[in-house]
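Step one of this worksheet: look at the structure below.
The values are calculated or read from the model by the stated rules, or taken from the named source; none is laboratory data. Everything quoted here is computed from the prediction, not taken from an experiment. Here the Cβ is made from the backbone with ideal geometry for all residues, glycine too, and neighbour counts use every protein chain on show.
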Amino acid sequence: MAPEYRKDPRVDAYLDGLPAWQRDIFAQLRDIIHEADPAIEETIKRTVRPYFVLDGTVCAFLAAKDHVNLFVYDGGIVPDPHGLVTAGHDNTTARTIGFAEGQPIRREPLLAFLRAIVADNRAGGWRSIVARGQAGS
């Protein structure tokens, strides 16, 4: 059962313009994001991009022609033992978790990954953690 959360109608508008398979993936991801922490808020940044924030940016959606992307804003410090990250492994701001049509979402590993980002945000954000030399602890 999907968690109850406040939806931003601008995010709904973004999703409404997508093919059904992309809407379905993003709907699943949206539920997981809000399950990671009920205090996460939805917003729109860069004019049309759905972002999810809590004490900083947690993640964002971006649809491409043949896949969808979940950008995770963690400075590359959240461990990825399940190999969720599909691009941007060396990016110092955000990494990408991509999903193709029909690809299952690994809910539990993704939930843990997002919760780690939220914990880092609550600890001052990944930039502060890196500056303090506490990344990966």
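Here are a few things to note about the model shown:
- Which numbered condition Thr43 fails, given (1) in contact (Cβ under 8 Å) with a residue 24 or more places away in the chain; (2) under 20 Å from Leu110 (Cβ atoms): (2)
- Residue match in the range 54-68 (condition: within 16 Å of Arg115 (Cα to Cα), of a type outside the set (S, T, N, Q) and surrounded by fewer than 16 Cβ atoms within 10 Å (Cβ to Cβ)): no
- Of all residues in the range 107-132 being assigned to a helix (DSSP H, G or I) and among the charged types (D, E, K, R), the one that is nearest to Arg30 (Cα to Cα): Arg107
- Tally of residues being exposed (fewer than 13 other Cβ atoms within 10 Å of the Cβ) and under 21 Å from Val53 (Cβ atoms) across the range 82-118: 1
- As a summary of the residue check, Ala27 satisfies the conditions (1) without any contact (Cβ under 8 Å) to a residue 40 or more places away in the chain; (2) surrounded by 17 or more Cβ atoms within 10 Å (Cβ to Cβ); (3) of a type in the set (Gly, Ala, Ser) except for the one numbered (2).
- Qualifying residue in the range 86-96 (condition: in contact (Cβ under 8 Å) with a residue 40 or more places away in the chain, touching a strand residue (DSSP E or B) at 6+ places or on another chain (Cβ under 9 Å) and within 19 Å of Leu15 (Cβ to Cβ)): no
- Leading residue by the ranking (modelled with the lowest pLDDT) among those in the range 81-106 that are in contact with a Phe, Trp or Tyr (Cβ under 7 Å, 6 or more places away or on another chain) and farther than 17 Å from Phe26 by Cα: Thr93
- If you filter the range 75-106 down to residues that are part of a strand (DSSP E or B) and farther than 25 Å from Arg127 by Cβ, you find that the one that is farthest from the chain's Cα centre (by Cα) is Ala100.
- Every pair of residues 6+ apart whose Cβ atoms lie under 9 Å, when the first sits in the range 7-18 and is of a type in the set (Val, Ile, Thr) while the second is part of a helix (DSSP H, G or I): Val11/Phe26; Val11/Arg30
- When residues of the range 83-132 are limited to those that are in contact with a helix residue (DSSP H, G or I) (Cβ under 8 Å, 6 or more places away or on another chain) and basic (Lys, Arg), the one farthest from Tyr73 (Cα to Cα): Arg107
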